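S.K.: Let me give you the structure first, and then I'll get to my questions.
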Amino acid sequence: AHGEQLALIGQNLLDAVTADDKFLVRDIIEIAKTKGEGWYSFRGQSGDEPARTYVKKIIDPKDNKPYALICGYYTEITDQTVI
């Protein structure tokens, strides 16, 4: 799933690289696996804005399958940018 870019839903983003050359999805999975939860900082797609994502490992109670629940925000976004 992807909350911002619908075209990314169902795509394999395991090797996605951020503007500051970090493996976004791989790093997020590592946080979920090793720490269970935590913050992850990176540069947004344009490379200009800093971004932060909070990662939390959750377990589906129906089948015990683990997931990484992710909520991100851009630290310098303004109301005008959102509009």
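S.K.: Within the range 29-51, is even one residue in contact with a Gly (Cβ under 8 Å, 6 or more places away or on another chain) and of a type in the set (D, E, K, R)?
M.R.: Just the residues of the range 29-51 that are in contact with a Gly (Cβ under 8 Å, 6 or more places away or on another chain), to begin with: 31, 50-51.
Okay, now just the ones that are also of a type in the set (D, E, K, R), so none.
The answer is no, given that none of the residues of the range 29-51 is in contact with a Gly (Cβ under 8 Å, 6 or more places away or on another chain) and of a type in the set (D, E, K, R).
S.K.: Still on this model: Evaluate the range 57-65: report whether one residue or more is closer than 21 Å to Gln11 by Cα, in contact with a helix residue (DSSP H, G or I) (Cβ under 8 Å, 6 or more places away or on another chain) and modelled with pLDDT of 95 or more.
M.R.: Yes.
S.K.: Looking only at residues in the range 32-57 that are of a type in the set (Val, Ile, Thr) and open to solvent by less than 70 Å² (accessible area, probe 1.4 Å), which one is farthest from Thr81 (Cα to Cα)? Even if it seems obvious, please write down each step before you answer.
M.R.: Step one: list which residues in the range 32-57 are of a type in the set (Val, Ile, Thr), which gives 34, 53, 55.
Next, from what is left, pick out any that are open to solvent by less than 70 Å² (accessible area, probe 1.4 Å): 53, 55.
Numbers: Thr53: 19, Val55: 24 Å.
If we take residues in the range 32-57 being of a type in the set (Val, Ile, Thr) and open to solvent by less than 70 Å² (accessible area, probe 1.4 Å), then Val55 is farthest from Thr81 (Cα to Cα).
S.K.: Considering every residue within the range 23-31, establish whether at least one is surrounded by 13 or more Cβ atoms within 10 Å (Cβ to Cβ), without any contact (Cβ under 8 Å) to a residue 40 or more places away in the chain and not in a helix (DSSP H, G or I).
M.R.: Step one: list which residues in the range 23-31 are surrounded by 13 or more Cβ atoms within 10 Å (Cβ to Cβ), which gives 23-31.
Those still in the list that are without any contact (Cβ under 8 Å) to a residue 40 or more places away in the chain too: 23-27, 29-31.
Of the ones still in play, those that are also not in a helix (DSSP H, G or I) are 23.
Yes, the conditions are met somewhere in the range 23-31.
The values are calculated or read from the model by the stated rules, or taken from the named source; none is laboratory data. Note that the structure is a prediction, hence the values are computed from the model and not measured. Here Cβ is always computed from backbone atoms with ideal geometry, including for glycine, and neighbour counts include all displayed protein chains. Each accessible area value is taken on the protein alone, full model and side chains, heavy atoms only, with ligands, DNA and RNA left out. Shrake-Rupley method; radii C 1.70, N 1.55, O 1.52, S 1.80 Å.
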